[in-house]
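Notes follow once the structure below has been shown.
The values are calculated or read from the model by the stated rules, or taken from the named source; none is laboratory data. Since we're looking at a predicted model, the values are computed, not measured. Note that each Cβ is placed from the backbone with ideal geometry, even for glycine, and that neighbours are counted across all protein chains shown. The protein model used for the area step is the full one, side chains on, heavy atoms only, and it has no ligands, DNA or RNA in it. Shrake-Rupley method; radii C 1.70, N 1.55, O 1.52, S 1.80 Å.
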Amino acid sequence: MHKFRTILTAAFAVGALLGCQKKENTLKIGLAGVQTGPDGEIGTAPIRGSQLAIDEWNAKGGVLGLQIEAVSRDDEGKANQAVAVAQELVAAGVKAVIGHFNSGCSLPASEVYHQAGIVQITPASTNPQVTERGFNQTFRLCGRDDQQGDVSAKFAFDSLELSKVAVIHNKTAYGQGIAEVFRKTFEAKGGNVSLFDGLASEEMDFRATISAIQKSGAQAVFFGGMYNQGGPFYNQLRQAGFKGAFLGGDGIYDGELIKTVGAKADSVFITFGPDFMATESAKPFLAAYKAKFGQDAGGYAIYGYDAANILLEAIQKAGTTDADKVSQTLRSQSWKGLTGDAEFDAKGDLKKANYVIWTIREGAFAVR
Amino acid sequence: MQTPPNPDSGALLFSQMLEILINGLARGSVYALVALGYTMVYGILGMINFAHGEIFMIGMFAAVFALGAMGSAGLVAVGITLPLAILLAMALSAGFGVMNERIAYRKLRGAHLLAPLTSAIGMSIVLQNFVMLSVTKGKVDFPRAVAQPLANTTWSLGPVQLTALQAVIFATTFALMCGLFWLVQRTRLGIALRAVAQDRTMASLCGMKVDRLIAFAFALGSALAAAAGAMVAMYQGVLRFDSGYMIGLKAFTAAILGGIGNIPGAVLGGLIIGLTEDLTSYTIKSEWKQTTAFAILILVLWLRPRGLLGERVADKV
Amino acid sequence: MTPVLKATGVSKAFGGLKAVSAVSIESHAGQILSIIGPNGAGKTTFFNCLSGIYPLDSGTVELGGGRIDGLAPHLVSRAGLSRSFQNIRLFPEMTALQNVQVGRFARSPRQILGTILRTRAWRDRERASLERSEELLAFVGLGDRADSWARALPYGLQRRLEVARALATDPKVLLLDEPGAGMNPQEIVDMMALVKSIARLGVAVVVIEHHMKLVMEISDRIVVLDHGEPIAEGSPDEIRRDPRVVEAYLGRSEEPHG
Amino acid sequence: MADALLRLESARTGYGPNDVLHGVSLTVREGEIVTLLGGNGAGKTTTLGVLSGIVGLRQGKVVWEGRDISGQATADRLRQGLVLCPEARRIFARLTVEENLIAGTWVRDPKLNKAKLEKTWERFPILGQRRKQLGGTLSGGEQQMLAIARALMGEPKLLMLDEPSLGLAPLIVEQIFRILVEINAAGTPVLLVEQNAHQALKIAHRAYVLATGEIVREGTGSELLASDEVRRAYLGED
Amino acid sequence: MSLPKNIFGARAAILGGLAILTAPFLWTRLDPDFATGFVSLRLVPENGIQFLSVVVPAALVALAIAGLGRLWARYGSSKPLFETASHRLFESPRAMAATFAALAAAGFVMSGKALSLGTFVCIHMMLAIGLNVTIGFTGLLVLGYAAFYATGAYTFAIAAHALPVLPTWAALPLGFTVAAGVGFLVGLPCLRLRGDYLAIVTLGFAEALREILRNLSVTGGDMGLVVPMQARIKAIGPVGQGHASWIAAVGVTLLVALFVHRLYHSRIGRAWIAIREDETAAAMMGIPVVRLKLLAFTVSAGLAGTAGAFFAGFAGFVDPSTATFEQSVLILAMVILGGIGSLPGSILGAALLYLAPTLLRDWFPAISDYRLFFFGCILVAMMLFRPQGLCGSPRHKLELEGAS
């Protein structure tokens, strides 16, 4: 038994050394999202945007008198990694988290933040479920898939006067979510979804699916997925002689899409926020981003930037980092950002989802 | 979920079935080309070359690199650049194949099954990440100006629409397969390859440089995979560092299905897998095509453990 | 006296080649039967047939009155036939003792739950198995090498270990495939003594051997195979004088008869 | 007597810790048939392995036409005409007869293949009849002929054979030995490893008896036929 | 056969060949012109310089470590150290209890991050120990091991939804039983196949299973399933949720290890090794080879299921990524790195391979993209230079030398 006690004491001693944490004099903010792997490029953009905002705040003297320390973590776009990252961030003592990128990551991770009582603002997870679970400190600065799918379906039925559409998705929380909302709205309006099918994320040859679309007699295709599949899908549709419209969500809003489909792409309709990048107020941000990271800001960078600014401002206004107070403050008023005025509803969603329809014109995205 | 086909569109349905057949065969012939590489290496070494899918991916990138280099040099005539790019891609991939053999396999010949398999898995991770780190995490577009004209040219053969792109794929695949057949079955080199596959000691007693012949088999398989890669890149329009994994797995499935080590078997297996997938996509749902492909594999292995055309070789005691 | 092992008309062909044709043997408890013949005569194939590794084309094998042909090797082993291999086939990554313990597999009852919980009954059996294995190691002269890796043992001792492992299955019949191969003269003498002492335990021993000296000294009876066929059978003295045997080994000395 | 074509000088080698050959020396001269006899495990096959270069030497050397070739690879020795027809025939079972033969010409000029094949069909008419058949489908005797023919395709200056009579019926064995005599008569020296002592000694000019890795007796074929050494090496008689 | 200068020449040839082959990837950049649809190639040194600036120092560090490793191998062997320690541990209930108590108590002073990381490490230890039963003990090549992990995880998640009264502890028997059952059914037809075919069939099974999980609604599709609160590991009194998970993880891992240890040191374990070493000889010893292979396969699958169900109870959600090839390869690499067939090896391998990339990412965030690249390099290098793994015995090495 003597040995046992020795071991126990030693274990405690070692543990105490490990567990000993130095006094904090910074405010830690977690930045989480996919940064490596296939989605790494698009996922890094909002994190960099947030980073930029935090740098600006630090330059101005920080918040509540504290310098802000960004703790950036890569969830690799994988759900289980996201849980691990979330637990790490909680353990690292972050007071709030901006992230994650993929809906599939935000969903499980937000449970961890919820339990730990940490404010989370996602700049890009559009799956409705993210804010549907009654977590009062989970916020979303972008639109929801149901809003997006809804807008797209109404546009397809009302403006394009389509009655028969094939709906294809990439089987992810995002893609399938948006596709299902599209189908629901479209059918509710009296339209007919002639085909509803999912594609594996690594699949790039869609000819068989396209044949099935043609067989179903669809007039147009709604694509719930990302640009890397959306581009080839569009090209192959056109090669197969399909002339109908090609609709999609924000996942295909990326310069890479245009590189793939070319300048002559026609009848492409994408739901996305209004053209924030073209506004005068975004210019300094875009310039600073390019200067810092040597790259043009991607579609979601600006959301990351706004999320950080709004979060820090709310902390400043609340005068504390306490999650309940910060959440309350966030809900209580309207926030100014590059993406327009943001007001959060009880769920943590934006009250006013401003999705507009974009199209490709002369080799660039343009509001229709 | 499926809308029932229009009763009066029987003719349309028929032509679409033919189209599915063509699409499935195009996909299948690509699998077949890649499967040949697996089968050759397995036939000669009894090892699964797990990095073969990555060689295929390297071939995709190499083709675009070659087109880019020619583009920079001002050479844009598709009729010249495309064949040249495919050849260059084949050469570069062959080099990668040889290097792969040299580093990850040669020392492990005759070792326990697990060792070469593991090093091959390691090699495939290395190659994939090398391309990701050195080229891009995102996608690369196959130059549209090269692929589009081919894709937009369609020929009607009776009720069937065949694009020039598909014709190129069929023609190249067919030519390469015939070339391989001729090489393996009709030439001295082919005899030597088969001899090495059957009895390495006797082959070296015949004066054959076994190491070089094995490296040659790797080069050959890699070149075929690169040709397939170039065509797939053209066909689907984009390529990514992880584009090789699934095709590699499918092609490997095809090789096993046909009876690994057996060249006609690999072709047959590739076509079957390709057709199965497209038929599943068309008649059931795209969602289930992987499942049906693997279900067929398991079924075949269960009923015929040597694959469809595999030979029964007596186990030595 | 009834034989323990009785093989009748055993035949086996590979492709067109008749490796073993119509070989019959009888092996009695406590006796040593040797099978000899030039290279490629089908001796090892015959052993593989007896031990269930190859299915028979025709013929029967009886062990203690029951048929064992057509049984899988592990069932043949359980029925009481054990063997060694021409090219030693130990389990190289196990100690000498563990090798022998593997041989006890079928002789200890199944107890998965007992294994996990380490019940008293399990421990008793495990100890019994261990003791028996140690006994066998000592019997073949490896008592002091119990914890050596099998692969690390010298060649001669590996052969002995293989014999101990075969004995661990409590065989009624023991087939030894070239127990003296690759040994130096002293080791061969020791091996002869060991084989004799096994027979004295009441086991029926069947030996394939090339060392004529070994064969002539230890055998009670000898069967000679050539081209898969039995060409002679008898006591060592009879075999020594049999011209067919000399011919099988040295080739024909005259032009073919008639 | 012509000069020594091949000399093995006190060769010592083995596998693992034990030596299999304890200093074996032998000589083959132009035009000879030399037989190497010995019981199982005497080291006959290992000796051929050393000569052909698939087994390394621990001591001693191999001298070919006056040059030390101990360090040379199999292919290089083959190119100089040192051809081994190995034990158990080792036919490429899934190659046709013709392809098996072509495999034997790997180090030679392929332009000569046609003529060489013609010659082979003449010498072994049975192989000519089966030229398109897979090697694995031949009978044992035919396979042995194919193995010899394949070795001959390599244009040997010295043909080494390892137990060509193994597992063959007596009539076939005689046929094989007749062929060996013919080959020798046509000018190719032969080094023959055999267990069929009587047949082998009858055709041999000279012979060696190998026992446990040592040459225990050397002499002409008829000398050895009459001696007891051979019986002892095989039958273990005292 | 080859002389030293040859080896040097060969190395130079390999390096030279690599430099030429990788040149287009390292030193050029593709510039697509979306207007014309052509692409051009431009020489840019940055790509290559960045890549080499990470890889070359890493290679130098690796060489230094390898040098140290050689010294260690020459002057002291790792095997007795780990094997003896683990043997002593698992043979003594008192040592087990002490270890458990010490680790559990350490949870009080461990940070939340360390607790979560530790729990994940434990889950992977269970997986590595389980896979070692097939690959290490019995020599059966299983490439789709993650499929059984997913089976366990989904089984528990679905059951917890169907039975709202299901307690957390039910995860273990449930995960084990169902995954073992699935393993049995998959193994039944497969075990007649040759080694590498088995590898492929299990891989195919894993891929098909992942597709099925992604397609069915009962499994929640790609989004996966959230495990109801009542079935998760909860805080107990002063012990927080993270700490409770850690204690449970340590306990289950020790039990799993003890289970395997006891099987290994019994007639069943000896029979498994015998089958791995020589199937025919094993059969001649009266071992029913197919039945024991099936047993190993079933037990191994069951252990993966246990780990999976534990994961579900711990993480609170499951998704199809539990069945990916990447996950399978990770577990395989743990077993191989630790040493095939060695129980402490699996434990060590799991700890190293799970912790190393995570810590690397935290300490050197700049090279976090390179972690998989290095992971692959380690797999290849391990097979070439130390195929027996960290704790393995040098048998495979001998085989290699015999072959060359």
> Amide H to amide H, which residues 5 or more places from residue D:191 or on other chains are under 5 Å from it, using H placed in the peptide plane?
Replying inline: D:34, D:159, D:160, D:161
> Quick one: of the DSSP bridges fully inside chain D, what percent are antiparallel, nearest 5?
Replying inline: 55 percent
>> Counting pairwise Cα distances across the range C:106-258, what percent come out greater than 27 angstrom?
In response: 40 percent
>> Taking 2.2 N^0.38 Å as the expected size of a compact globular protein, what ratio does the Cα radius of gyration of the range E:79-403 give against it, to two decimals?
In response: 0.97
> residue D:119: which lysines have alpha carbons under 16 Å from its alpha carbon, excluding same-chain residues fewer than 8 sequence positions away?
Replying inline: D:111
>> Let me make sure I get this right: for chain A, a, b and c are the square roots of the gyration tensor eigenvalues over alpha carbons, sorted descending. Under 1.5 in a/c it's rounded, otherwise prolate if a/b > b/c, else oblate. Which is it?
In response: prolate
> How large is ³J(HN,Hα), in whole Hz, for each residue of the range E:200-215 in order, when computed from phi with the Karplus curve 6.51 cos²θ - 1.76 cosθ + 1.60 and θ = phi - 60°, using x for Gly and Pro?
Replying inline: 6, 5, 5, 5, x, 4, 5, 5, 5, 4, 4, 4, 5, 4, 6, 9
>> Amide H of residue A:169 versus every other amide H placed in the peptide plane: which residues, excluding those fewer than 5 positions away on the same chain, fall under 5 Å?
In response: A:197, A:198, A:199, A:224
>> Taking 30 Å as R0, compute the FRET efficiency from the Cβ-Cβ separation of residue B:185 and residue B:303 and round it to 0.05.
In response: 0.55
>> Just to be sure I understand the rule: take each whole DSSP H helix in chain B, project its Cα atoms onto its long axis, keep it if the span is 27 Å or more and its mean Kyte-Doolittle hydropathy is at least 0.0. Which ones pass?
In response: B:10-45, B:52-72, B:78-100, B:114-134, B:164-186, B:210-236
> Contour minus end-to-end for residue D:169 and residue D:132, with contour as 0.36 nm per residue of separation and end-to-end as the Cα-Cα distance?
Replying inline: 10.8 nm
> Can you give the extra length, in nm with one decimal, that the chain gains between residue C:22 and residue C:86 once fully stretched, where that is 0.36 nm per residue apart less the Cα-Cα distance?
Replying inline: 20.8 nm
>> If you count only protein heavy atoms and use a 1.4 Å probe, how large is the accessible surface of residue A:331, to the nearest 10 Å²?
In response: 60 Å²
> R0 = 25 Å: FRET efficiency of residue E:20 with residue E:63, Cβ-based, nearest 0.05?
Replying inline: 0.65
> Considering every residue in E:207-219, what mean count of other chain Cβ atoms within 10 Å of its Cβ is obtained?
Replying inline: 4
> Restricting to the protein assembly as shown, what percent of DSSP beta bridges are antiparallel, rounded to 5?
Replying inline: 50 percent
> Chains E and B: what accessible area do they bury, summed, in square angstrom to the nearest 100, with a 1.4 Å probe?
Replying inline: 6100 Å²
> If the cut-off is 20 Å between C-alpha atoms, which lysines fall inside it for residue D:202, apart from same-chain ones fewer than 8 positions away?
Replying inline: D:44
> When the solvent-accessible surface of protein heavy atoms is calculated with a 1.4 angstrom probe, in what order do D:162, A:39 fall, highest first?
Replying inline: A:39, D:162
> Applying 1/(1 + (r/R0)^6) with R0 = 45 Å to the Cβ-Cβ distance of residue B:18 and residue B:80, what FRET efficiency is obtained, to the nearest 0.05?
Replying inline: 0.85
> Relative to the present Cα-Cα distance, how much length would full extension add between residue A:320 and residue A:366 at 0.36 nm per residue of separation?
Replying inline: 12.4 nm
> Mind checking which of E:222, E:33, E:319 has the largest fluctuation in a GNM of chain E, springs on alpha carbons under 10 Å?
Replying inline: E:33
>> Could you tell me the center-to-center distance, by alpha carbons, between the range B:197-238 and the range A:301-368 in angstrom?
In response: 57 Å
> Using θ = phi - 60° and the Karplus curve 6.51 cos²θ - 1.76 cosθ + 1.60, what whole-Hz ³J(HN,Hα) does each residue of the range D:100-117 get, with Gly and Pro shown as x?
Replying inline: 4, 5, 5, 4, x, 9, 3, 8, 9, 5, x, 5, 7, 4, 4, 5, 5, 4
> Dividing the convex hull volume of the alpha carbon atoms of the range C:165-222 by its residue count, what do you get in Å³ per residue?
Replying inline: 81 Å³
> Cα-Cα over 31 Å: which of A:78/B:285; A:184/E:113; A:164/A:283; A:171/A:317?
Replying inline: A:184/E:113; A:164/A:283; A:171/A:317
> For residue C:162, what is the net charge nearby, where nearby means another residue's Cβ is under 14 Å from its Cβ and Lys, Arg count +1, Asp, Glu -1?
Replying inline: +2
> Got a sec? What order do B:288, E:246, E:72 fall in by accessible area at 1.4 Å, biggest, i.e. largest, first?
Replying inline: E:72, B:288, E:246
> What per residue convex hull volume, in Å³, do the alpha-carbon atoms of the range A:278-368 yield?
Replying inline: 119 Å³
> To the nearest 10 Å², what's residue A:41's accessible area with a 1.4 Å probe?
Replying inline: 80 Å²
>> With the crude spin-label approximation of a point 7 Å out along Cα→Cβ, what separation in nm comes out for residue D:222 versus residue E:234?
In response: 10.6 nm
> Given a 1.4 Å probe and the protein chains all in place, what does the accessible area of residue D:61 round to, in Å² to the nearest 10?
Replying inline: 80 Å²
> Could you give the nm distance between label points at residue D:108 and residue E:71, where each point is 7 Å from its Cα heading toward the beta carbon?
Replying inline: 5.9 nm
>> Which of the three applies to the range C:91-170, rounded, prolate or oblate, going by the alpha-carbon gyration tensor with a ≥ b ≥ c and a/c under 1.5 meaning rounded?
In response: prolate
>> I need the phi-derived Karplus couplings for the range D:181-196: 6.51 cos²θ - 1.76 cosθ + 1.60, θ = phi - 60°, integer Hz, Gly and Pro marked x.
In response: 4, 4, 4, 5, 4, 6, x, 9, x, 10, 10, 10, 9, 9, 9, 6
>> Under 10 Å, Cα contacts only: if you run a Gaussian network model on chain B, which one of B:40, B:99, B:202 comes out with the highest mean-square fluctuation?
In response: B:202
> How far is it, in nm, from the label point at residue A:26 to the one at residue E:362 when both lie 7 Å from their Cα along the line to the Cβ?
Replying inline: 1.5 nm
> In Å and whole numbers, how far do the C-alpha atoms of the protein assembly as shown stretch along each principal axis, longest first?
Replying inline: 118, 84, 66
>> Show me the helices of chain A, taken as full DSSP H stretches, that run 27 Å or more along their long axis by Cα and average -1.0 or above in Kyte-Doolittle hydropathy.
In response: A:40-59
> Restricting to chain A, what percent of DSSP beta bridges are antiparallel, rounded to 5?
Replying inline: 30 percent
> Which far-off residues, 5 or more places away or on another chain, put their amide H under 5 Å from the one on residue D:211, with H placed in the peptide plane?
Replying inline: D:216
> So how many Å³ per residue does the convex hull of the Cα atoms of the range B:164-211 work out to?
Replying inline: 71 Å³
> With chain D treated as a Gaussian network of Cα nodes joined by springs under 10 Å, which of D:195, D:144, D:133 yields the largest mean-square fluctuation?
Replying inline: D:133
